[in-house]
Amino acid sequence: MTATDIQIEPEFLEVLQTVHDPEIPVLSLLDMGVVRSARRNGNIAEIKISPTYSGCPAMDVMADDIRLAFKEKGIEAKVQLVLSPAWTTDWITSRGREALEKYGIAAPLQPEADKEALLGNKKLVQCPQCGSLNTQLVSQFGSTACKALFQCRDCQEPFDYFKCLK
């Protein structure tokens with residue numbers, strides 16, 4: 001399954017665009033790529049979501065927020081957690097990647113570059129504040145398990161880097 005494999009009925013797009021990732025509020029769940037499908041079954045919206053990693057503590061909040069957003073539109077929603085295929089950072093939309101950067105979180109690199117950056121072998125993670133590549137890994141884990149903490153040596157600002165997950 002790829003990002004283009006999602007199946008969302010057009011009538012549900014507007015509602016889902018209003019539901020934001022509880023850990024990264026500038027991203028809708030659609031831009032994060034966790035919504036895999038949204039279909040009408042009679043009077044019920046059936047929504048399938050995938051966690052960014054197994055055990056993600058935000059999934060219950062996401063499901064509750066989806067149900068609430070649909071309830072506000074007078075639609076009952078059932079949310080199902082889907083584990084396969086596993087979520088990948090490839091599913092983050094280009095709009096989502098841009099929103100991450102504007103928010104101060106470096107967007108994920110490709111797998112090999114990610115490994116080089118997280119092992120400290122190459123300076124590949126760009127500072128979202130000033131654009132410098134003169135950055136250093138501070139910790140393998142940032143504000144959440146799916147992020148690493150970096151610091152820019154030029155502007156001195158710390159920032160999260162969203163790890164590549166494939």
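What follows draws every value from the coordinates through simple rules; no lab data is involved. Remember, predicted model here, so these are calculated numbers, not experimental data. With ideal geometry, Cβ positions are generated from the backbone for all residues, glycine too; neighbour counts draw on all protein chains shown.
Among S50, S37, S28, which comes first, second and so on when ranked by fewest other beta-carbon atoms within 10 Å?
Numbers: S50 23, S37 16, S28 20.
Starting with the residue having the fewest Cβ neighbours, the order is S37, S28, S50.
Under a straight-distance cross-link criterion of Cα-Cα below 23 Å, which lysines are reachable from K78, leaving out those fewer than 8 residues away in the same chain?
Of all the lysines, those that pass the test against K78 - Cα under 23 Å, at least 8 places apart if same chain - are K48.
Could you please report the charge total around P22, scoring K, R as +1 and D, E as -1 over all other residues with beta-carbon less than 15 angstrom from its beta-carbon? List each step's numbers first, then the result.
Details: positive: R67, K147; negative: D21, E23, D31, D60, D64, D65.
Once all neighbours under 15 Å are counted, the net charge is -4.
What does the charge add up to near I47, with Lys and Arg as +1, Asp and Glu as -1, over the other residues with Cβ less than 10 Å from its Cβ?
Residues close to I47 contribute a combined charge of +4.
Amide H to amide H under 5 Å from R36: which residues, 5+ apart in sequence or cross-chain, H placed 1.01 Å off N in plane?
K48, I49, S50
Between Q110 and L13, with labels modelled 7 Å along Cα→Cβ, what's the label distance in nm to one decimal, could you check?
Result: 3.0 nm between the two label points.
Among E98, E23, what is the fewest-to-most ranking by other Cβ atoms within 10 Å? Display every interim value, and only then the final one.
Working: E98 13, E23 17.
Arranged by neighbour count, lowest to highest, E98, E23 become E98, E23.
Share of antiparallel DSSP beta bridges in the chain, in percent to the nearest 5?
On the way: 16 of 26 bridges.
Here the antiparallel bridges make up roughly 60 percent for the chain.
Please find, in a Gaussian network model of the chain (springs between Cα atoms separated by less than 10 Å), the residue of G33, G142, G42 whose mean-square fluctuation is greatest.
G42
Take the alpha carbon atoms of region 64-106, find their center, do the same for region 116-134, and report the distance between the two centers in whole angstrom.
Going from one Cα centre to the other spans 27 Å.
Quick one: dipole size for region 104-162, taken about the Cα centre, charges +1 on Lys/Arg Cβ and -1 on Asp/Glu Cβ, in debye to the nearest 20.
Values: 5 positive and 6 negative charges, 16 e Å.
So the magnitude is around 80 debye.
Calculate one ³J(HN,Hα) per residue across region 154-163 by plugging θ = phi - 60° into the Karplus curve 6.51 cos²θ - 1.76 cosθ + 1.60, and present them in order as whole Hz with x for glycine and proline.
For region 154-163, the Karplus curve yields 8, 8, 6, 7, x, 7, 7, 10, 6, 4 Hz.
Could you go through region 29-44 in sequence order and give the Karplus-derived ³J(HN,Hα) for each residue, using 6.51 cos²θ - 1.76 cosθ + 1.60 with θ = phi - 60°, rounded to whole Hz, and x for Gly and Pro?
Once θ is set to phi - 60°, the couplings for region 29-44 become 5, 5, 5, 6, x, 7, 7, 9, 7, 8, 10, 8, 10, x, 9, 10 Hz.
Arrange the following residues from fewest to most other Cβ atoms within 10 Å of their Cβ: L13, L83, L27, L149. Please report the intermediate quantities before stating the final value.
On the way: L13 12, L83 9, L27 22, L149 15.
Ordered from fewest to most neighbouring Cβ atoms within 10 Å, L13, L83, L27, L149 come out as L83, L13, L149, L27.
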